[in-house]
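What follows is a set of notes on a single structure, which appears directly below.
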Amino acid sequence: MAADEAKAEAGAATRWRFSVLESCRGFLAVVVVVNHLTAATHFYAFIRNGWVAVDFFFVLSGFVIASVYEARIRSVGALGRYVVRRIGRLYPLHLVVLAVLLLIEAGKLALSDPSAFTGDNSWPAFWSSLALLNGFNAYSQSWNYPSWSVGIEFWANLVAGALILACGRWFRLGALATIAALAAFMFSDRWIDYGDAQGRMEILFNAAEYALEFFVGMLTFGAFRWARGRGIGAPPGLDLVALAITLAVFRFGDVMPALSKAAVFAAVVLILAFERGPLSWLLRRRPCLWLGTISYSIYLTHAVYVSLFSIAIYDVGAQLGLPITSPIGGENVITLGGPWVEDALALALVAVVVASSGLTYRFVEDPARRWFNRVSGGG
């Protein structure tokens with residue numbers, strides 16, 4: 001019975017495939033990698049705001065989830081299968097990386113390192129990360145620090161699934177109401193004095209903003225489907241405009257008003273979803289598609305390699321007796337050797353992360369996803 005229902009769900013929606021958007025995931029993940037190196041490359045002016053790639057991720061993720069599941073979740077059983085699939089997509093690699101970091105801390109403890117299981121790598125932080133709750137509390141930069149956004153996405157996914165089931169054909173109104181509620185919460189400190197709790201509330205405001213972007217992405221898919229149904233598309237070359245807009249956000253993201261990134265990236269995602277123009281042609285090439293395929297592995301594992309590269313850079317600087325960092329824009333940026341050296345280091349880091357991510361995708365991420373899909377009854 002469940003298998004028959006799963007087959008019915010699979011046939012309930014058009015099999016949308018957005019290759020260009022998939023490739024975008026890969027390039028966004030690479031931007032985050034280079035941003036976390038914090039090196040004064042020739043492209044530092046754009047990379048320094050690389051954190052806005054996460055805003056893009058959330059809008060894009062909401063768009064893709066809506067395209068796949070909006071017409072499929074019509075029963076409690078369908079919602080259960082959706083939850084199993086989301087767990088299978090996001091959790092296994094997270095657990096593997098967390099296990100590796102746990103072994104590293106255990107090794108430090110065995111060597112009597114007093115820093116083992118303290119600070120950002122404390123046990124409370126570990127349990128928070130394990131439950132994917134680290135995006136909602138003060139442990140967001142602990143253990144595998146990129147996972148804070150995965151936690152917000154995971155719980156937003158669950159809320160979205162429940163909303164689709166509860167609202168049915170009126171789902172978009174439900175999503176719009178959710179966006180309004182999240183926005184009201186984000187700005188609630190303008191009329192509510194949270195006092196000593198303001199610091200904790202800021203963390204929740206941040207989580208609410210990313211969740212809001214996810215639901216904006218879901219509404220963006222509705223706009224795309226409405227346009228496609230009426231024969232409306234993006235003219236060739238508009239994807240280059242989308243690229244220019246994206247670069248502008250990366251350059252000036254730190255001074256953009258709250259929620260503006262959600263609106264801008266929604267427009268960019270909508271344009272690229274039509275897959276017309278020279279940029280779209282490029283992003284449909286096999287190397288770009290492969291980068292998109294392994295993007296989750298790139299994003300979730302890169303912190304380990306960034307840490308190793310940073311340790312090596314600081315060791316080399318100390319051995320040579322040279323200054324390693326310089327203050328730029330309020331943060332210490334690696335400047336050892338000059339911008340050409342930093343370019344080479346960034347490219348080497350990306351090469352290592354991409355190569356290793358191909359392995360984690362092949363041996364962890366993809367097998368786990370397939371297994372969970374079979375368990376969910378979807379094959």
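Quick note: the coordinates plus some simple rules give every number you see, no bench work behind them. If you're wondering where the values come from, they're calculated on a predicted model, not measured in any experiment. A quick note on method: Cβ atoms are made from the backbone with ideal geometry, for glycine too, and the neighbour counts reach across all protein chains shown.
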- line: Cβ-Cβ cut-off under 12 Å around residue 252, Lys and Arg +1, Asp and Glu -1: the net charge is +2
- prompt: If the chain between residue 95 and residue 45 were fully stretched, how many nm would it gain, using 0.36 nm times the residue separation less the Cα-Cα distance?
  reply: 14.6 nm
message: Placing unit charges on C-beta atoms (Lys and Arg positive, Asp and Glu negative, everything else neutral), compute the dipole magnitude of the range 1-157 about its Cα centre in debye, rounded to 20.
response: 420 debye
- line: Checking rank on 286-292, 217-223, with mean other Cβ inside 10 Å and highest first, the result is 217-223, 286-292
message: For 185, 224, 63, which order do you get if you count the other beta carbons within 10 Å of each Cβ and list the fewest first?
response: 185, 224, 63
field: the range 2-375, dipole about Cα centre (Lys/Arg Cβ +1, Asp/Glu Cβ -1), debye to the nearest 20
entry: 1800 debye
- line: For the range 2-375, the charge dipole (Cβ of Lys, Arg +1; Cβ of Asp, Glu -1; about the Cα centre) points to a positive end, and the Cα of 248, 355, 166 closest to that extreme belongs to 166
field: Options 341, 90, 192, ranked by Cα towards positive dipole end of the range 2-375, top entry (Cβ charges)
entry: 90
field: Full-stretch length increase - residue 17, residue 123 - with 0.36 nm per residue and alpha-carbon distance subtracted
entry: 34.0 nm
Label zone at residue 307 (point 7 Å along Cα-to-Cβ), backbone N below 16 Å, the range 89-106: 94-106
field: the range 2-375 - Rg over Rh from alpha carbon coordinates, Kirkwood radius
entry: 0.97
query: Listing 46, 214 from the residue with the fewest other Cβ atoms within 10 Å to the one with the most, what is the order?
result: 46, 214
field: Stokes-Einstein diffusion coefficient of the range 114-223, Kirkwood radius over Cα pairs, 4 °C, 1.567 mPa s, in µm²/s
entry: 85 µm²/s
query: Which Cα, out of 325, 212, 143, lies furthest along the positive dipole direction of the chain (beta carbon charges, K/R +1, D/E -1)?
result: 212
- line: Stretched fully, the stretch from residue 131 through residue 289 gains (0.36 nm per residue minus C-alpha distance, one decimal, in nm) 53.8 nm
- prompt: Per-residue ellipticity at 222 nm for the chain, helices alone: DSSP H runs ≥ 4 residues times -39500 (n - 2.57), over residue total, nearest 500 deg cm²/dmol?
  reply: -23000 deg cm²/dmol
query: Can you give the net charge of the other residues whose Cβ lies under 13 Å from the Cβ of residue 60, counting K and R as +1 and D and E as -1?
result: -2
